[in-house]
Structure formats: C-alpha cells, structure tokens
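All remarks here apply to the structure that follows.
The values are calculated or read from the model by the stated rules, or taken from the named source; none is laboratory data. Note that the structure is a prediction, hence the values are computed from the model and not measured. Cβ: placed from backbone, ideal geometry, glycine included. Neighbour counts: every protein chain shown. SASA here: full protein model, heavy atoms, side chains in, ligands and nucleic acids out. Shrake-Rupley method; radii C 1.70, N 1.55, O 1.52, S 1.80 Å.
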There are 2 protein chains.
Amino acid sequence: MRSYKHPAIEDVRPEDIFHALSDPVRLDIIRRLAAEGAASCAALDGGRPKSSMSHHFRVLRDAGLVHTRPEGVTHMNQLRRDELATRFPGLLDAVLAAIA
Amino acid sequence: MRSYKHPAIEDVRPEDIFHALSDPVRLDIIRRLAAEGAASCAALDGGRPKSSMSHHFRVLRDAGLVHTRPEGVTHMNQLRRDELATRFPGLLDAVLAAIA
DNA sequence: GCCATAGTTCGAAATATATCGTACAAGCGA
DNA sequence: TCGCTTGTACGATATATTTCGAACTATGGC
C-alpha cells in the first residue's frame, strides 16, 4: 500500500473524468476536497463502509482527478488542481462551480 | 414522435451531464454538434444501428445537453449552448475544449 | 512483537448500461 | 393511400457499476 498508481496527467482521458464525476458520492468527495484542500478517506465517508469509499477513491484516482499519498497511518487525498488546469483549462473550475 | 421531452434547464443536474459525457460515442456526437451547429441523427451515426444512436441521443436529451426538434422527416439536434452557459457558466466551453 | 487504526482487495449480489434486431410511428411525395 | 425515409419503443443479451462484508496489508505506538 506504499504507493498508488496515478495516471500521468497527459494520459488522463476526458471520458474517464466525466465518468468519475457521474456519481453523487464522488461529487460529494470532490466538493469536500475542494473546500477543505485535503482529507483522509475516513474523514469523508458519510457513514458508508470503508470498502465502498475505497472503491470511489480509486475511481477518482484512476480518472486522474485525485492524488493520494500515505501520511502515517492515514492516506491524504487532494485534487490535482494545477495539473488538471494545465491539461483541461477551465474544466475543474467550471465543474466545481456547477456542483457547488 | 411529435414532440420530445426536454428537461427545463434549471432541473438539469450536473451528475446527469457528466454521465452523458462519459461515453465515447456521445462525446463524438457532442463534438460534431459543436462543430456543425446542428445535425440529424442519421448524419452522425458512424455506421452504428439506428436504435443505438437513438439511445445515445435520448441520454443526451434527458441530461439536458441536446435539444431535438422534428424538421420534416428528420430530427434536428443541437447543443443547448446558451441555456447551459447560463446554468453552468464555463462548463460546456471547457468540455468542448477538453474533447476537441 | 502485539495491538489498534486506516485502507485495500476479494467475492458476491443487485442494479444499470450499452448494443442491436425487430416492430412500430410520423412525415413527405407520388 | 402506398411507399420511402427517419427515428422511436420494446425486448434480449452481455457487460459494468455500485454496494457491502470479510479477510488482508501497512503503519505507528506501546
């Protein structure tokens, strides 16, 4: 569990981004990451089981939206804002505005 | 077939938009509608069966992305650009730039 | 080393989605 | 009205996705 696979930003495909954004649970995660900057998985479960959250974080990671790094015993997640802004200018900002 | 149900723009939900955008076939439709302004369903099938295309156009309509109106024997589709720009400022432009 | 904590992985069940063939409906022109 | 064209509606199948429990892994503190 040492390291996670994150796609290189240039390999991120728009359809994967949109798929990742098509679930209400994941939109909630995105919203809260945008508001709080960074958060552990456990901090964002809404009483949902760990395995469910793990699944959603993985979808977000694989899509290229979220970066996860181990920090002690927890895993900190944050949006890949700068990279995404370079790859898809304006997209993340418009998404965040849309789901605010 | 006289009239289609299009959601009122204020009822359009971001997650439905993103789901509609999560399929390569539909992204292709969006791309071509953006480039050509308006097009019939048949004009955009890539050799796919009519029933498949009909399904995808329905998803796009239900999501609020596309407006369809009967025009003689064909059905003209176009992006709901202005409405979407009001409801979700910057979103459609960023999406079109991302999938260009 | 042992235990607790934080997440991942696996497996299963329910639901949703994509795809396509066939049948149907609506408009247009002869 | 008949035939042609365009697209929808229905039904079936294959594949994905969501959800969750249970077992497992990694880290930190004692």
Lone unmet requirement of (1) open to solvent by 60 Å² or more (accessible area, probe 1.4 Å); (2) under 21 Å from A:Leu92 (Cβ atoms); (3) within 15 Å of DNA strand C (Cβ to nearest atom) for B:Ala100: (3)
Flag for A:Pro70 being more than 13 Å from the chain's Cα centre (by Cα) and within 14 Å of chain B (Cβ to nearest Cβ): no
Identify, from the list B:Arg87, B:Arg32, the residue that is charged (D, E, K, R), touching a residue at least 40 places away in the same chain (Cβ under 8 Å) and more than 10 Å from DNA strand C (Cβ to nearest atom). B:Arg87
Those residues of the range B:43-60 which are of a type outside the set (Asp, Glu), surrounded by 12 or more Cβ atoms within 10 Å (Cβ to Cβ) and in a loop (DSSP other than H, G, I, E, B), in sequence order: B:Arg48
Residue, nearest to DNA strand D (Cβ to nearest atom), within the range A:20-42, restricted to residues that are touching a helix residue (DSSP H, G or I) at 6+ places or on another chain (Cβ under 7 Å) and open to solvent by 50 Å² or more (accessible area, probe 1.4 Å): A:Pro24
